[in-house]
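The structure appears right after this line, and notes come after that.
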Amino acid sequence: MDATRGPILFRCDGTRDRGWEGFYQCLSLAAALQRRRRGTHFLSYLDPLSLATVVNRGNNDWIPAEQPIGSAGDLAVTVAQVRKMNAAAVVVAGDGYDADYLRELKKTGALVMAFDSSADMRFPADLVVNPLLHPGRKAFRVEPGCQLLVGHRYALCRGVFRRQRTIRATEPPMPFRALVAMGDDDAAGEALTRAQQLLQMSKVAKVTVTVRTHHPRYDDLLALADDSSGKMEVVTETKELMTRLVRAHFALTSGDVWSPELCVVGIPQLILSQTKQQAGTAKKLDEDGVATYLGAATSVTFEQLQEAVDLLHDDPMERKGMTRCARNTFDGRGPDRIVNGLEIMLHSPSRKRAASFAPTHGLKIAA
């Protein structure tokens with residue numbers, strides 16, 4: 001078998017302490033890689049362990065990691081896995097690793113790709129992808145030979161959002177419906193706080209909250225939905241989310257990777273950021289006319305949110321303008337473009353020569 005057709009190893013974690021965003025970013029890319037018939041393996045430290053079923057459900061193989069990425073001993077285990085499966089590439093996502101970590105992975109001969117939205121190091125990787133819109137290209141420092149993919153053309157998007165793009169070609173009929181999607185990492189529980197506030201607004205007829213089952217306030221959200229007399233619902237499954245996307249008039253988001261996905265569908269957004277990177281992304285989306293950035297979640301009051309919702313409700317032309325700008329800016333092909341870039345690099349003559357020595361090198365280590 002051609003060495004360049006080897007599998008892809010994802011080194012990412014999903015835990016309560018470090019968050020789950022990087023883990024779900026890797027799942028989105030893995031789905032695109034499988035369309036190119038690439039084997040995908042996850043070396044991940046997961047909490048809760050039920051996330052392993054999410055990995056397997058996407059036709060990925062899961063290898064349990066004994067400790068979080070960047071911990072003592074983790075690098076040796078990751079290098080051993082890369083050599084054991086003769087991986088064509090290793091994708092690193094999350095916090096905890098440094099430039100030396102990436103540099104050691106490159107010594108295995110595999111292509112090294114990093115998901116990063118912090119730009120806080122000089123990257124020795126082969127490929128760096130920023131799935132958010134902030135920071136921009138100028139903020140990243142890379143070593144010679146490293147390629148950088150940033151901007152709206154490389155925004156990650158799951159299939160469920162691309163499929164609903166055609167269906168929601170026009171705005172849905174009234175009554176006014178809100179979608180609360182505060183992202184994969186919502187440690188402050190903003191989804192619950194803002195859902196409670198939306199329920200108090202007379203112009204909002206229905207509130208749909210989409211969260212993961214491991215959300216820290218998941219049980220409280222279910223209890224709130226039970227007490228809402230049918231005005232609120234909690235959605236966790238993809239099949240349920242599909243039908244809600246085409247019926248929502250606006251979404252309340254945090255400016256994470258969910259925001260570009262909702263832009264693909266064409267849903268106007270009100271954004272309450274929770275991190276520096278999200279704030280930068282939200283400002284860029286506001287400048288592009290696809291969303292309204294209200295500010296940091298900790299500083300936006302109920303009155304400010306209600307005023308923004310009322311303005312959006314009373315101005316259908318504003319909603320239509322945001323929808324048009326969002327759909328023109330984001331086409332949902334970001335994962336495919338990232339895979340194209342990865343495949344081009346894997347099939348370069350220099351990469352093929354390097355990969356051809358990997359099996360022999362692996363046997364020497366084993367001996």
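Please indicate, with yes or no, whether at least one residue in region 266-286 is farther than 20 Å from Met182 by Cβ, modelled with pLDDT of 95 or more and open to solvent by 20 Å² or more (accessible area, probe 1.4 Å). Looking through region 266-286, none of the residues is farther than 20 Å from Met182 by Cβ, modelled with pLDDT of 95 or more and open to solvent by 20 Å² or more (accessible area, probe 1.4 Å).
Output the residues belonging to region 8-24 that are in contact with an Asp or Glu (Cβ under 9 Å, 6 or more places away or on another chain), surrounded by 18 or more Cβ atoms within 10 Å (Cβ to Cβ) and in contact (Cβ under 8 Å) with a residue 60 or more places away in the chain. Result: Arg11, Asp13, Arg18, Gly19, Trp20, Glu21, Gly22, Phe23, Tyr24. Screening region 59-100 for residues that are touching a residue at least 24 places away in the same chain (Cβ under 8 Å) and acidic (Asp, Glu) and picking the one that is most open to solvent (accessible area, probe 1.4 Å) gives Asp95.
Within region 295-351, the set of residues being at pLDDT below 95, part of a helix (DSSP H, G or I) and of a type in the set (Ser, Thr, Tyr) comprises Ser350 only. Do we find a residue being of a type in the set (S, T, N, Q) and surrounded by fewer than 24 Cβ atoms within 10 Å (Cβ to Cβ) anywhere in region 241-263? Yes, there is a match, as at least one residue in region 241-263 is of a type in the set (S, T, N, Q) and surrounded by fewer than 24 Cβ atoms within 10 Å (Cβ to Cβ). The condition of being surrounded by 18 or more Cβ atoms within 10 Å (Cβ to Cβ), out of contact with any Phe, Trp or Tyr (no Cβ under 8 Å at 6 or more places or on another chain), of a type in the set (A, V, I, L, M) and touching a residue at least 40 places away in the same chain (Cβ under 8 Å) holds for Leu342. Checking the stated criteria, Asp126 turns out not to satisfy the condition of being of a type in the set (D, E, K, R) and modelled with pLDDT under 95.
Take Leu111 and decide whether it is at pLDDT 95 or above, crowded, with 19+ Cβ neighbours inside 10 Å and closer than 29 Å to Trp258 by Cα. When the stated conditions are applied, Leu111 passes them.
Within region 125-159, restricting attention to residues that are more than 30 Å from Gly58 (Cα to Cα) and in contact with a Leu (Cβ under 7 Å, 6 or more places away or on another chain), the residue that is most open to solvent (accessible area, probe 1.4 Å) is Arg137.
For region 194-229, residues that are within 21 Å of His313 (Cα to Cα), in contact (Cβ under 8 Å) with a residue 60 or more places away in the chain and open to solvent by 10 Å² or more (accessible area, probe 1.4 Å) total 3.
Among the candidates Leu27, Leu43, the residue that is closer than 20 Å to Glu237 by Cβ, modelled with pLDDT of 95 or more and either among the hydrophobic types (A, V, I, L, M, F, W, C) or surrounded by fewer than 22 Cβ atoms within 10 Å (Cβ to Cβ) (or both) is uniquely Leu27. If you take the residues of region 1-19 that are within 16 Å of the chain's Cα centre (by Cα) and in a loop (DSSP other than H, G, I, E, B), which of them is modelled with the lowest pLDDT? If we take residues in region 1-19 being within 16 Å of the chain's Cα centre (by Cα) and in a loop (DSSP other than H, G, I, E, B), then Arg18 is modelled with the lowest pLDDT. Among the residues of region 47-58, the one identified as closer than 20 Å to Ala187 by Cβ and buried (at least 22 other Cβ atoms within 10 Å of the Cβ) is Leu51. Put simply, of Ala125, Ala114 the only residue that is in contact with a strand residue (DSSP E or B) (Cβ under 7 Å, 6 or more places away or on another chain), touching a residue at least 12 places away in the same chain (Cβ under 8 Å) and part of a strand (DSSP E or B) is Ala114.
The values are calculated or read from the model by the stated rules, or taken from the named source; none is laboratory data. The shown structure was predicted, so the numbers you read here are calculated from the model rather than taken from an experiment. Using ideal geometry, Cβ is built from the backbone for each residue, glycine included, and neighbour counts are taken over all protein chains shown. For the accessible areas, the whole protein counts, side chains as well, though only heavy atoms, and no ligand, DNA or RNA atoms are used. Shrake-Rupley method; radii C 1.70, N 1.55, O 1.52, S 1.80 Å.
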